[in-house]
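A.B. asks: Okay, here's the structure, questions in a sec.
Derivation of every value follows stated rules applied to the coordinates shown; laboratory data play no part. No experiment lies behind these values; they were computed from the predicted model shown. Quick reminder, even Gly has a Cβ in these numbers, built from the backbone with ideal geometry, and neighbours come from all protein chains shown.
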Amino acid sequence: MRVLGVSTSTREWGNTDLLVRHALEGARGRGAETRFLRLASLELKPCRGCMSCVFKDRDCVIGDRLAEFLEALRWADSLALGSPAYVLGANAPLKNLQDRLIRFGIQREFVGKPGLALAAAGVPGWVPYSLPQVSLTFLFLGMPVVDQFVGFAQGPGEIFFDEGALARARRGGEALASGAADYLGEPGACPVCHFDLVTTRADGSAFCPLCDLPGRWGDAGGRPALLPEAGAEPRWSEASMREHFAGKILPSGPRFKARLGEIKERQEAFRREVGA
Ligand SMILES: Cc1cc2nc3c(=O)[nH]c(=O)nc-3n(C[C@H](O)[C@H](O)[C@H](O)COP(=O)(O)O)c2cc1C
């Protein structure tokens, strides 16, 4: 087995790097070959929104070092991905990476490779979207999540004092090395993403906004949980992803082209109006 570890932190040997590296040590202990990549060192530029990769099914037009990340992910059988918590979410390089990978949500190249989602955060209670954002990378690429958790530490290296987090990272790496894709983490209110982001709608029904999954509140082993509607599929299912891209994204190209003349006229008129 080949396990890739990626940290999106800008602090070398900081807490995220250490969590990811402990996962790789767990994997190595089970005989896996491992590679570690600091995403920040690739200095990826932000997505330009040109949609060439999607509409032309081609590599990103930005000729930067994204190719190195893709080469590493192609090499790997599984991925341990970690981000620091920044302003309640993940950090910008993680979000940037997701945007740059949009094409792979469509053409499904990485489907089935197991993933381990890690986050390093300074303050318990200040991470509502951090870990979900890391796991989202796996969800939209069709990669099953074997575990997801947050380690708490503020200064770079303080994660050494969160021995539980380091041990759990190792266990996650061991799971990746085994090739198994079973989920080892806490159950959570949503049966798909296992996060507690489920909301109650005005009619009292339950809904996971991350997974686009409707249902009702019910009991799952003594915990309140979302019980999905019969036949409801999360947005991450292969059928839903196909429908999303074939039914919503791909038709937007010809629609836009047909409207382009009128858009240009309106833009010109509006620019004159605002004096820009
Ligand atoms: C710009 C910035 C925003 C942060 N926002 C949060 C936050 O919202 N919640 C939190 O728990 N920690 C936050 N932190 C603390 C980091 O998550 C914490 O220091 C973490 O250990 C950093 O990981 P690293 O060493 O891998 O970079 C923030 C740190 C920075 C620099």
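A.B. asks: Among Asp59, Asp219, what is the fewest-to-most ranking by other Cβ atoms within 10 Å?
C.D. replies: Asp219, Asp59
A.B. asks: Another question, then. Over the range 116-155, what is the mean sequence separation of C-alpha contacts under 8 Å (at least six apart), divided by residue count, expressed as relative contact order in percent?
C.D. replies: In percent, rounded to a whole number, it is 61.
A.B. asks: Using unit Cβ charges (K, R positive; D, E negative) and no other charged atoms, how large, in debye to the nearest 20, is the dipole of the range 2-178 about its Cα centre?
C.D. replies: With only Lys, Arg, Asp and Glu charged at Cβ, the dipole is about 380 debye.
A.B. asks: Counting alpha carbon pairs within less than 8 Å and at least 6 residues apart, what relative contact order, in whole percent, applies to the chain?
C.D. replies: In percent, rounded to a whole number, it is 18.
A.B. asks: Once the other residues with Cβ under 15 Å from the Cβ of Pro191 are scored (Lys, Arg +1; Asp, Glu -1), what is the net sum?
C.D. replies: -4
A.B. asks: Starting from the Cα-Cα distance between Val123 and Ser240, subtract it from 0.36 nm times their residue separation and give me the gain in nm to one decimal.
C.D. replies: Extra length from Val123 to Ser240 when fully extended: 38.5 nm.
A.B. asks: What is the antiparallel percent of DSSP beta bridges lying wholly in the chain, to the nearest 5?
C.D. replies: The antiparallel proportion sits near 35 percent.
A.B. asks: Once you list every other residue whose beta carbon is under 14 Å from the beta carbon of Gly14, what net charge do they have if Lys and Arg are +1 and Asp and Glu are -1?
C.D. replies: For residues surrounding Gly14, the net value is -1.
A.B. asks: With an 8 Å cut-off on Cα pairs and a minimum separation of 6 or more residues, tell me the relative contact order of the range 91-181 in percent.
C.D. replies: Value for the range 91-181: 31 percent.
A.B. asks: Return the lysines within reach of Lys257: Cα separation strictly under 29 angstrom, same-chain partners fewer than 8 residues apart disregarded; answer none if there are no such residues.
C.D. replies: Filter leaves Lys45, Lys56, Lys95, Lys248.
A.B. asks: At Ala269 and Arg108, where each label point lies 7 Å from the Cα along Cα→Cβ, what is the point-to-point distance in nanometres?
C.D. replies: With each label placed 7 Å out from Cα toward Cβ, I get 4.4 nm.
A.B. asks: Cα gyration tensor of the range 171-276, axes a ≥ b ≥ c as square roots of the eigenvalues: rounded (a/c below 1.5), prolate (a/b > b/c) or oblate?
C.D. replies: Verdict is prolate for the range 171-276.
A.B. asks: Give, as a single signed number, the net charge of other residues whose beta carbon lies under 14 Å from the beta carbon of Gln267, with Lys and Arg counted +1 and Asp and Glu -1.
C.D. replies: +1
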